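Asker: Just dropping this structure here.
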Amino acid sequence: MAPVILALGLFATIGMGSAAWTETSEEPAPVIAAAPEAPAPKDPWRRFNRRSYAFNGFLDRVLVRPVTRAYMRITPSPLRRGLGNVVSNLREPSTVVNDVLQGHPKRAVKATARLLVNSTVGVLGLFDVATHAGLEKHRSDFGQTLGRYGAGPGPYLYLPLVGPLNLRDGVGGVVDVLTDPVSLATGGLGSDFGVGRLGVTALDGRAGADSALEALANDSADPYAATRAAYVQLRDATVRESTGEIETLPDFDLPPEGAPEGSQTPPAAEDAAPGLTVADPPPPALPASPEGYL
Amino acid sequence: MTRLHRRRAILLGLAAAPGVLGLAASANAQSAATRGARSPDAEKFVEAQVQRVLSLLADRGLTAGQRDAAFRRAIGEIADIPRITTFVLGKYGRTITPAQRAQFTAAFRAYAENVYQARLAEFRGVSVRATGSVARRVDDVVVSSVIQSAAGGPPTAASWRLLASGGAWKIVDVQIKGVWLAITQQQDFVSTIDNAGGDINVLITQLQRGVGPRPR
């Protein structure tokens, strides 16, 4: 079952990646090609997406946020951190699988070592002793794996209950759920363990995102667009973490009025440059999951 | 090339993706090596100036009013707010009228100061250390850094984009958890103006009405 879905996922994603690519290459160059604007995310379903965004906002206000705040009030923060560590530890096997698929044996070994250390010395994952021993946490997922092998993100998608996604990472998320070794070993959502794990993961993700969500909602003129911008950048950064590729940044200044088109960034050079690396970036402290972040 | 051919070519390309990616990555690395030298003085600037702001925010000897005033002064010195102001308008930086620009500049400055203060205060940082830098051009550098928080725990990674202006470095953007602040603001603002049918006044009014972090 799982391999079939995995194969389907791969197909869907590759097809979508190439469709996205074809689309871009056939689009006429925008008139203000040299204006310092980050490329706008592909959001062809924005009407649906904005509606889902509004729905989730409503659900969050009336249900999710109150429950999360109550959880944060009731549980002392060491306990909350411990529970967060437990669910995070349960996610390590899936990270190992994706590290292997991405061809990163060192990262796979690191995640395996973390799992072993934290499950034993760390009392079933309650304490993240591995980090203190110099084994820093990282997360790998199947959307990232697809990105590692060249699948584009595809259109942006905002789903009710789920939150921000793109096609690639939505497919990746489904594959991650279906292939999660811990879930396969424990009977998934059919077991009390599975349900409890899902609940704690969701609460922990939402609690961890509390201040980020607040900031997005309060600081933005258009919170939907700000959420989309943040999610797209976050996922790009996640894929770059695996490929080691260079981040492309828009120029910062408008070219002077009347300057010949492309005087700053020749469009022809766009593929190869404008190169920008963050030399040996420490792996960014990524949140447990994209859903957890936003 | 027909669409079908192109698609086939792309699929073939994807089959060979790992190899091709490897090549592309090494080509990129080379072009970055010629362009992307480290910039020690930009790193020093980040360590000194970001440290200064973090210390200021953590200084319990100041009243809230004094701290705000000192923070605003410091930000004015180390960030290039005029350049950021133009950047966040994206394509609308070309069509804005002088009168609108004056209004937007004032509204954005107040908004940005609040956002920067709220974001930086969240670090509850005690010390910052530059971990590397890459020059995109001689006058356009990204410095990566780690910030150690007072609460302990693993340090937070943050990158700073610096542009040279009149012989001095100025910060124009900061990246936390993969997300650039000014780039996100640009998409936020451009989308707001797009949704208002291109009317920049709608954004100005929203900023004046006090979109932004709630007062602490």
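Asker: Filtering segment A:210-238 down to residues that are aliphatic (A, V, I, L, M) and open to solvent by 20 Å² or more (accessible area, probe 1.4 Å), which residue is farthest from the other protein chains (Cβ to nearest Cβ)?
Answerer: Ranking the candidates gives A:LEU213 first.
Asker: Residues of segment A:130-164 being open to solvent by 20 Å² or more (accessible area, probe 1.4 Å), within 13 Å of chain B (Cβ to nearest Cβ) and among the β-branched types (Val, Ile, Thr), which ones?
Answerer: Selection gives A:THR131 alone.
Asker: Condition (residue is under 19 Å from B:GLY93 (Cα atoms) and among the hydroxyl-bearing types (Ser, Thr, Tyr)) applied to segment B:193-207: is it met by at least one residue?
Answerer: There is at least one residue in segment B:193-207 that is under 19 Å from B:GLY93 (Cα atoms) and among the hydroxyl-bearing types (Ser, Thr, Tyr).
Asker: Follow-up. Scan segment A:177-197 for residues that are open to solvent by 20 Å² or more (accessible area, probe 1.4 Å) and under 18 Å from the mean Cα position of the chain (by Cα) and report the count.
Answerer: 3
Asker: So A:THR120 fits all but one of (1) open to solvent by 20 Å² or more (accessible area, probe 1.4 Å); (2) under 19 Å from the mean Cα position of the chain (by Cα); what number is the exception?
Answerer: (2)
Asker: Let me ask something else. If you scan segment B:48-95, which residues turn out to be polar (S, T, N, Q) and touching a residue at least 40 places away in the same chain (Cβ under 8 Å)?
Answerer: B:GLN49, B:GLN51, B:THR95
Conditions tested, residue by residue: (1) more than 30 Å from A:ALA226 (Cα to Cα); (2) in contact with an Asp or Glu (Cβ under 8 Å, 6 or more places away or on another chain); (3) part of a helix (DSSP H, G or I); (4) of a type in the set (S, T, N, Q).
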{"residue": "A:ALA54", "(1), (2), (3), (4)": "no, no, yes, no"}
{"residue": "A:ASP60", "(1), (2), (3), (4)": "no, no, yes, no"}
{"residue": "A:THR68", "(1), (2), (3), (4)": "no, yes, yes, yes"}
{"residue": "A:ARG73", "(1), (2), (3), (4)": "no, no, yes, no"}
{"residue": "A:PRO78", "(1), (2), (3), (4)": "yes, no, yes, no"}
{"residue": "A:ARG81", "(1), (2), (3), (4)": "no, no, yes, no"}
{"residue": "A:VAL100", "(1), (2), (3), (4)": "yes, no, yes, no"}
{"residue": "A:LEU116", "(1), (2), (3), (4)": "yes, no, yes, no"}
{"residue": "A:LYS137", "(1), (2), (3), (4)": "no, yes, no, no"}
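Asker: Of all residues being assigned to a helix (DSSP H, G or I) and touching a residue at least 40 places away in the same chain (Cβ under 8 Å) in segment B:96-109, which is nearest to B:LEU163 (Cα to Cα)? Just the residue, please.
Answerer: Taking the candidates together, the pick is B:PHE108.
Asker: Next up: Going by the structure shown, is B:SER145 open to solvent by less than 20 Å² (accessible area, probe 1.4 Å), among the polar types (S, T, N, Q), in a strand (DSSP E or B) and more than 9 Å from chain A (Cβ to nearest Cβ)?
Answerer: Yes; evaluated as a whole, the condition is true for this residue.
Asker: Quick one: in segment B:159-183, of everything that is free of Cβ contacts under 8 Å to residues at least 24 places away in the same chain and hydrophobic (A, V, I, L, M, F, W, C), which residue is most open to solvent (accessible area, probe 1.4 Å)?
Answerer: B:ALA168
Asker: Here's another thing I want to ask about it. Against the condition farther than 15 Å from B:ASP188 by Cα and either among the aromatic types (Phe, Trp, Tyr) or outside any helix (DSSP H, G or I) (or both), how does A:ASP253 come out, does it pass?
Answerer: So A:ASP253 fits the description; yes.
Asker: Restricting to segment B:154-170, count the residues that are modelled with pLDDT under 90 and either more than 9 Å from chain A (Cβ to nearest Cβ) or more than 16 Å from B:GLU122 (Cα to Cα) (or both).
Answerer: 3
Asker: Counting only residues that are more than 22 Å from B:ALA150 (Cβ to Cβ) and aromatic (Phe, Trp, Tyr), which one in segment B:58-105 is nearest to the other protein chains (Cβ to nearest Cβ)?
Answerer: Only one residue fits best here, namely B:PHE87.
The values are calculated or read from the model by the stated rules, or taken from the named source; none is laboratory data. Nothing here was measured: the structure is a model prediction, and the numbers come from that model. FYI the Cβ positions are ideal-geometry reconstructions off the backbone, even for glycines, and counts take in every protein chain you see. Heavy atoms of the whole protein, side chains included, go into the accessibility calculation; ligands, DNA and RNA do not. Shrake-Rupley method; radii C 1.70, N 1.55, O 1.52, S 1.80 Å.
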